[in-house]
Structures are given as C-alpha cells and as structure tokens.
Amino acid sequence: MADYKTLEYYVGDNYDFKVLKDGKGKKVGKLVNRNTNEEEELNQKVLPENISNLVNVAKVVISAAWQDGKILQSEKDAFNKVFEHVDVSEEHENEIKNELVNPTPVEELVKHIKTREEKMLVLETSLLLVIADNEFHPKEKAFIEYLVKEFKLDSADIAILYSILPERVKKYIVKEKLNEVLEIRADEIETLNKFAPSTKINDASHERVYTTFLNNWKNRSVRYRKTSVY
C-alpha cells in the first residue's frame, strides 16, 4: 500500500482503522486487531480524520519552529516529507506552504485550536521543537508561556503532558523555570519523575519531531486520556 495516502485514521484500545486512497481516487479500508496484529473484516464504521483541524494544529507547530527567527530548508523538507502521505486538499497544501515562508501571527492561529487534545499536542510538539536544535531562545520560552496562558489546561492535563515528555524536555522545563508557568511545584515534579516512565530521545531531529507529531495526532484520544496519569 505504499502508493496510497491516508485519508482517514482511527485508533482505539483494541483496533486501528485506516481508509487509504490511491492517485485514481480508489479507497481501501484496513482494520487491524492491535492485540494480535491481524487484519479483520471491515465491519467498523468509518470515523473521519478531520484534516482541517490537523492543518490548523500544524500551523501553530510551524509557528513554534519560527520562534528562533528562521526555518532552514532542511527543516521545511522534513516537514513536507512527513506530510506527503496525508491527503490534504490543494487549498490546505498552499496554506501550509505559506506558513513555512510567511507565518501567521500566533495570536490568530490559536483561535482555531479548540479541543483539549489539540492543545496538548501543540504544547508537546512545541516543546520538542525547542530542544531539537539545542539552541534555546528567549522567544521560544515566551512562545511556550503564551500557549500555556491561552490554552488554560487544568493541572491533570499538565501532569499528563509532563509525564510523557522525554527527559531532555523535562530538564529544559526545570532549567528555564517553565514549571512555574505550568504551575508544577518542585515536589510535584519529584513525584511525577518517580512514577512516570523514563522517556529518552535518541534522535531529536526535526524530521523525528514532525513524525512524532503526526503519529501523536492519530493517537491523540488515547495518548492524552485522563487515565494515563495513573
């Protein structure tokens, strides 16, 4: 199915379901049992992916990448490579290309980020982008602080987010005192670090960050569910 683009995608606790489309418009469905990794009969209702929301989230992620004052061509290529198998319309594709060259003010972009899962995904990806080039800029910190202020996530959401972040990002949060912005106390950090699994980044390249972003979008309902904090 290498020549197919993902049109719709749904991940549940026991199944993942894809609808793929080839260049001629032919659609193919694929239902996989996540416990056995075997394909089963396609008798599950299709749940739409909502590409428009994905594009809105991607724009904010691109804005995060701009906070150090530049986006290198290699970074643009990494972003485009990850998105080449997403079935975006020509209009959406042009919007993304424009953001990579002439970013929209983040104040305008965040108005379109509505759901809790989208907000958490934007924050997580933005933090990963901050540490991707090992150069920390004041504007990047200010950008994260702005997102936290605008999104108004509750303490449980912040705990979930902190728990799933890689060690490098957690150290950055403490070093830059972003935990104060996130309203996480020192004793809470100690507890979260004790019970959260250790997550490391072996490859913090931009391509890896963007690939992770797209995978997390597909799995956002499971990744950010409240029970994951326990």
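Placing +1 on the Cβ of every Lys and Arg and -1 on the Cβ of every Asp and Glu, with nothing else charged, gives the chain a dipole about its Cα centre of roughly 280 debye. Note on the chain: helix-only mean residue ellipticity at 222 nm, from DSSP H runs of 4+ residues weighted -39500 (n - 2.57) and normalised by residue number, equals -16000 deg cm²/dmol. Pairs from the table (LYS18/LYS194; LYS81/LYS177; LYS114/LYS177) lying more than 32 angstrom apart at Cα are LYS18/LYS194; LYS81/LYS177. Annotation for region 91-143: GluC sites (Glu not before Pro) lying in DSSP loop with at most 13 further Cβ atoms inside 10 Å of their Cβ are GLU135.
For the options ASN94, ASN35, ASN56, a Gaussian network treatment of the chain with springs between C-alpha atoms closer than 10 Å singles out ASN35 as fluctuating the most. Computed from the coordinates I sent, percent of Cα pairs over 28 Å apart equals one of [x] 33; [y] 30; [z] 20. Tell me the label. Step by step, percent of Cα pairs over 28 Å apart for this structure corresponds to label [x].
Here, each number is a calculation from the coordinates, and none is a lab measurement. For clarity, every value in this text was computed on a predicted model and none was experimentally measured. Backbone-built Cβ (ideal geometry, glycine too); neighbour counts: all protein chains shown.
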